[in-house]
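My structure is below; once you've seen it, I'll send some questions.
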Amino acid sequence: AAAGEAEAADAAHGSALGAEALAVCVAAEAEMAGRDAAAAARSAAVNELEGYILEARGMRSRKHGSLIDGASLEPMLDEAEDWLYSDAGEAAGCGELGAFLAALRVRVDGTMVAFREKVEAERVASEAALQASADAAAAERAANGEDEDHDQRRLKYPDRLRMVQKNKDEGTELFKGAVDVTQYRQAAARYNKALTHAAKFVDLSPDQREEVDALKLSLHLNIAMCWLKITDATNHLDQAIRSCTDALALDGENVKALYRRATALEQKKDYEAAKADLAAAAQIAPDDKAVPKLQQRVEAQIKRQLDKEKKMYGKMFG
């Protein structure tokens, strides 16, 4: 009996130790998950600040960028970047990074007052002109009995081709004159309208099919470029990637499609996918000068990302 009682006591003790060990493991796992979440949040804050600095540097290359006070802006951005990669920046938490970014935005905006006023004035004038043009076009379509959105007529090939080309040309005119995202959206809308018409051809000969596919390819590439410019849309990079993929479905070795998709992927920080597209583009067009430049940038980002992860996990587990 005594032996039985001893065995029962040992079993109870072992069970208690097992429960205690399990609790320790659970607590350690929860702590690790918390650290991972904190690290991910900080990484997102750093990426947001890095992205803003990169965007601000590119503003002077835009139309009317000469109106930006570059003598004040560039040292300001250099100082911000130096801080971000300093010991103080490396030690900053999400709150401090967010406050630093908010203060930087205010300072940067102060260098762009004349630039923003000029862009806004052009936007207002452009929208007025575009509205007048749209009204005139609508009146013309009404007079001709056309409704582009519900046009199911079996038009002859030259007539339908004319409508595709007309919308494409209008989109290109809007794109070339664009000063902000509004005009890029309008250009994309015209290109999409051209694609709508391009889907309505009937009874195409092989030569006609080849011509239509070439037009579709050009339209998808143009739409992708528009979406790369429509930076205020949360899904603009996904839309650009989709348009490039549609272009590649028509021509799997199109370097422009691969390059523009890689550009969007880089901005989404999907560096490995961007690297793959650029490798394919470099193989197809080894003399292209833009591809290796973007390749170098992507490779640098991959290296920086790996270095940041090593440093972050070194601090967590060191």
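Tally the residues that are of a type in the set (A, V, I, L, M), open to solvent by 40 Å² or more (accessible area, probe 1.4 Å), over 19 Å from the mean Cα position of the chain (by Cα) and at pLDDT 95 or above, restricting the search to region 190-233.
1
A quick yes/no check of all residues on (1) part of a loop (DSSP other than H, G, I, E, B); (2) on the phi > 0 side of the Ramachandran plot; (3) at pLDDT 85 or above; (4) over 28 Å from the mean Cα position of the chain (by Cα):
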site: Glu127; (1), (2), (3), (4): no, no, no, no
site: Leu130; (1), (2), (3), (4): no, no, no, no
site: Pro158; (1), (2), (3), (4): no, no, yes, yes
site: Lys166; (1), (2), (3), (4): no, no, yes, yes
site: Asp169; (1), (2), (3), (4): no, no, yes, no
site: Val179; (1), (2), (3), (4): yes, no, no, no
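Filter region 61-71 down to the residues that are open to solvent by 80 Å² or more (accessible area, probe 1.4 Å), among the charged types (D, E, K, R) and either modelled with pLDDT of 90 or more or within 19 Å of Gln267 (Cα to Cα) (or both) and list them by number.
Hit for region 61-71 is Arg62, nothing else.
Another question about this same structure. Applying the selection to region 98-114, what residues are open to solvent by 60 Å² or more (accessible area, probe 1.4 Å) and touching a residue at least 40 places away in the same chain (Cβ under 8 Å)?
Arg105
Of the residues that make up region 41-56, is at least one open to solvent by 30 Å² or more (accessible area, probe 1.4 Å) and under 19 Å from Glu117 (Cβ atoms)?
Within region 41-56, none of the residues are open to solvent by 30 Å² or more (accessible area, probe 1.4 Å) and under 19 Å from Glu117 (Cβ atoms).
When you look at Ala300, is it modelled with pLDDT of 95 or more and not charged (D, E, K, R), yes or no?
Against the criterion (modelled with pLDDT of 95 or more and not charged (D, E, K, R)), Ala300 does not qualify.
Name the residue that is farthest from Ile284 (Cα to Cα), counting only residues in region 213-260 that are without any contact (Cβ under 8 Å) to a residue 24 or more places away in the chain and either in contact with a Gly (Cβ under 7 Å, 6 or more places away or on another chain) or hydrophobic (A, V, I, L, M, F, W, C) (or both).
Ala214
Here's a follow-up. Residues being in contact (Cβ under 8 Å) with a residue 40 or more places away in the chain, closer than 21 Å to Leu101 by Cβ and among the aliphatic types (A, V, I, L, M): count how many of those fall in region 56-73.
Residues meeting the conditions: 3.
Taking the criterion of being outside any loop (DSSP other than H, G, I, E, B) and touching a residue at least 60 places away in the same chain (Cβ under 8 Å), would at least one residue in region 83-93 satisfy it? Spell out how you get there, then give the answer.
First, the residues of region 83-93 that are outside any loop (DSSP other than H, G, I, E, B): 83-84, 87-91.
Still in the running and touching a residue at least 60 places away in the same chain (Cβ under 8 Å): 90.
For region 83-93, residues outside any loop (DSSP other than H, G, I, E, B) and touching a residue at least 60 places away in the same chain (Cβ under 8 Å): present.
Okay, moving on. Would you be able to say whether some residue in region 81-89 is over 24 Å from the mean Cα position of the chain (by Cα), open to solvent by 10 Å² or more (accessible area, probe 1.4 Å) and over 27 Å from Ala38 (Cβ atoms)?
For region 81-89, residues over 24 Å from the mean Cα position of the chain (by Cα), open to solvent by 10 Å² or more (accessible area, probe 1.4 Å) and over 27 Å from Ala38 (Cβ atoms): absent.
Which members of region 262-278 meet the condition of being open to solvent by 50 Å² or more (accessible area, probe 1.4 Å) and in a helix (DSSP H, G or I)?
Result: Gln267, Glu272, Lys275, Ala276.
The values are calculated or read from the model by the stated rules, or taken from the named source; none is laboratory data. Bear in mind the structure is a predicted one, so any value in this text is a computation, not a measurement. Counting neighbours? That spans all protein chains shown, and the Cβs are built from the backbone with ideal geometry, glycine included. Surface accessibility is based on the protein's heavy atoms, side chains included, excluding ligands, DNA and RNA. Shrake-Rupley method; radii C 1.70, N 1.55, O 1.52, S 1.80 Å.
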